[in-house]
Every structure is written in structure tokens, then in C-alpha cells.
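Here's the structure, in C-alpha cells; my notes come after.
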Amino acid sequence: MSFISVNPDSHFPIENLPYGVFSTADNPRHRIGIAIGDQILDLSVVKHLFDGPVLQSQQNVFDEPTLNAFMSMGRPAWSEARATLQRILSSSEPVLRDNASLRARAFVPQAQATMHLPAKIGDYTDFYSSKYHAFNVGTDIRRPNGQTRADETKPPVFGACKLFDFELEMAFFTGPATQMGEPIPIDKTEDYIFGMVIMNDWSARDIQKWEYVPLGPFLGKNLGTTISPWIVTMDALKPFLVPNTVQDPKPLPYISHEDPYNFDINLEVALNCKTSGQSPDSYGSMLELCWKGTKPIPLSNDLTRKFLQDGDEVIMTGYCEKDGYKIENLRLAQAHIWEEKVVWVDYIDESTDLQTGSGSSARTCLINVFVFK
């Protein structure tokens, strides 16, 4: 238990402690912090408390404006940092609890913070984590223009995307870096995975469809990517490990492992329409929900949707729940959709009522791996 008051329904208990980068109106410098209850602990203020054998000489990593330097230190540093944080936030530890001056400088209400990209991204790759996805198939983000061919009997035309879509995906942040050409053995992979976020890989389906043949998608898939502000560490997710999905056919030995590394994460997508309709459901994109545009999705107020329309808002959430506490992977208001651009909306804090209802766990997603350089 922490000396910081944490609501029983909070997704940020002491068992979570996700990492993020934030700033405040009175201090615009980007700082590394962890979420606890409705507060953020500024690690640059308490860096001197990381006095373990790995971090005591590397405390300056918490002065950085991104998590890259800390992630590059590897699992020994990550595990030591988590143990230190859980100790200094514990109700039985006086070092921070009883130091009113330090507490006043170290804690920032989440409601007063602006979240930023937590790492400098050098590259990322994505791949299917579920056969169902394959079978079912901030800043302003401009709606892309490109070639489309809605009528197969006529030549393609150039114009704005009309079939704008979201994709609910998961993403890993990895570290430390490896040498070019040096593979990571599958039994060592866990040592390189720092944590997870939820990701929206925005898609222009009509542009993408035309681009696929023969060159593959480029404009249709590179218009923008949105991730959650908090990185939940793999140590925090360990209690939610479940047996691996049986794979048939069995993968080749170099990517086969027997230890469980599937996670029980509840994923949800809600669509707030411009006339206040909502549609949570169990797929990872509008393409899947409406079966490639052939089956309109019924919403409230007699509304239907096949793809995103102007004024719509996409909200993605993810959490784990066990033994009376929750760990949040993210709660994020992705964006409002406008005719010429997608306007970024700040992430939703845990007090926001999403009203997503029940039965909204998404069962299809991709895994993305972020590589920092």
C-alpha cells in the first residue's frame, strides 16, 4: 500500500507505476515521471533516492527529456528502479512520506500535466499477434490525399480519403540496443522488452486498397500513428500472464518458446459520434466491424457507421484486473475527425466517464515494436 491516496477504482495503484514524459504550465521542461493514483512523481526531483548498485552512478538518466537513456540500461536497471519506486512510495517508508518539502516538489497532479511522446523513436515494425486480425480484416494529423478507385470500371482519381479508419494495436518499447546483424535469442527476448502501450495505426482504407497492388501501401499507412502516454512495464504485467495460445503449425525453433508470454488485457474501443452516439464492439478496426463496408454498424440515436466521419471521436482503453486492483495500459481520447485534418485530443484521465458499456473487449490487434536510436 502507498502513502499516496489511491482510489480503489484507480488504474494507477502501486502495482502499476507506468512511465511517461510530462510538462506543466509553470515548468515547460519535459520530465520523466511515473503515475501513482491521480498524481505524477517527478523522477528528476527524487533521482537521488535511486541509490542501488546499478543506478546510483547513473541517476542522471532521470534528468533526460525522454526515456531512451533509461531504457538503454536494460533489465537490471528497470527492475532496480521499480523496486526503489515501490519502496519509497510505500506507506511504511518515511524517506518521501515524511519529507513535506520534497513531496511538494516531487508530486504533480495528473490533471495539471501535459503528456508528451515518452521516447525518441528511431524505427518501428509491426506484425500480426492474432490470426483473427488477418482473417477479419500531440500534433495535428492531416487526413491524407491520394489515389483511389471506388469504381472498378473507371480510372483512379486523386482526392481526400473517404474511408478513414482506426486500428487498435499493442506496442512494445524495446531496449537496450543491439549491434547491427546480431540476433536476440528467443529465450533472451524478455530482457529487451521494456513495456507496452496501446497504439492506433490510422489507416486510409480506400487509398490503401489502390496502393496495395502492385507496390504495397505507403500513403495509406503512413499518415499518422498515435500511442498512449504511459508505458506499462512488463514487470507490472507479469501477474496477468496466461498460458500461450496453441500455435498450429508450430513456429520454427528460433521463434518458439515454452514459457507463458500471453497477457490478459481488456481492450476497448468506443466511438463518440458527432450527435453523441457511441459504438463499443469486439473488433480492432472499422474495416472489421463493418465487414469491409458491407454491414453498417448500428449506433444510438438511429445512427450508423461504416467508416469514421467528420466530428467523430475514437477512444481506446486497456486495463488488466486481478486480486482487487487494476493496471491500466492506457486511457486515451485519440482524436476528433475533421474534413481536412484529425485534431489531437489530450489523453483522458482516470476520472473521465467513458460510458463504453460492457462487452467491448477487442479480440484482435497487432503487436508493434518501437526501436529507439
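Scanning the range 1-31 for residues that are closer than 16 Å to S91 by Cβ, open to solvent by less than 10 Å² (accessible area, probe 1.4 Å) and at pLDDT 95 or above yields one hit, L17. Residues that are at pLDDT below 70 and over 26 Å from R142 (Cβ atoms) were ranked within the range 296-327; the one that is surrounded by the fewest Cβ atoms within 10 Å (Cβ to Cβ) is N301. So in the range 32-51, with the set limited to residues that are of a type outside the set (S, T, N, Q) and open to solvent by 10 Å² or more (accessible area, probe 1.4 Å), which one is nearest to A236 (Cα to Cα)? That would be D38. Residues in the range 147-181 that are open to solvent by less than 60 Å² (accessible area, probe 1.4 Å) and small (G, A, S): 4 in all. Among the residues of the range 193-238, the ones that are surrounded by fewer than 18 Cβ atoms within 10 Å (Cβ to Cβ) and of a type in the set (S, T, Y) come to 1 in all. Candidates K238, K154, K209: the one that is in a loop (DSSP other than H, G, I, E, B) and modelled with pLDDT of 80 or more is K154.
Residues of the range 157-178 that are assigned to a loop (DSSP other than H, G, I, E, B), of a type in the set (A, V, I, L, M, F, W, C) and within 25 Å of L271 (Cα to Cα): C161, L163, F166.
Say whether the condition of being modelled with pLDDT under 70, under 25 Å from F194 (Cα atoms) and in a loop (DSSP other than H, G, I, E, B) is met by at least one residue in the range 249-256. Looking through the range 249-256, none of the residues is modelled with pLDDT under 70, under 25 Å from F194 (Cα atoms) and in a loop (DSSP other than H, G, I, E, B). Looking at (1) open to solvent by 30 Å² or more (accessible area, probe 1.4 Å); (2) closer than 30 Å to F307 by Cβ, find the lone condition where P243 falls short. Against the list (1) open to solvent by 30 Å² or more (accessible area, probe 1.4 Å); (2) closer than 30 Å to F307 by Cβ, P243 comes up short only on (2). Looking for something modelled with pLDDT of 95 or more, crowded, with 19+ Cβ neighbours inside 10 Å, under 23 Å from F194 (Cα atoms) and touching a strand residue (DSSP E or B) at 6+ places or on another chain (Cβ under 7 Å) - is there at least one such residue anywhere in the range 99-109? No; the residues of the range 99-109 include none that is modelled with pLDDT of 95 or more, crowded, with 19+ Cβ neighbours inside 10 Å, under 23 Å from F194 (Cα atoms) and touching a strand residue (DSSP E or B) at 6+ places or on another chain (Cβ under 7 Å). Looking across the range 59-90 at every residue that is open to solvent by 50 Å² or more (accessible area, probe 1.4 Å) and touching a Phe, Trp or Tyr at 6+ places or on another chain (Cβ under 8 Å), the one that is farthest from D38 (Cα to Cα) is identified as S72.
The values are calculated or read from the model by the stated rules, or taken from the named source; none is laboratory data. Since we're looking at a predicted model, the values are computed, not measured. Neighbour counts run over all protein chains shown; Cβ positions are idealised from the backbone, glycine included. What goes into the accessible areas is simple: the full protein's heavy atoms, side chains included, and nothing from ligands, DNA or RNA. Shrake-Rupley method; radii C 1.70, N 1.55, O 1.52, S 1.80 Å.
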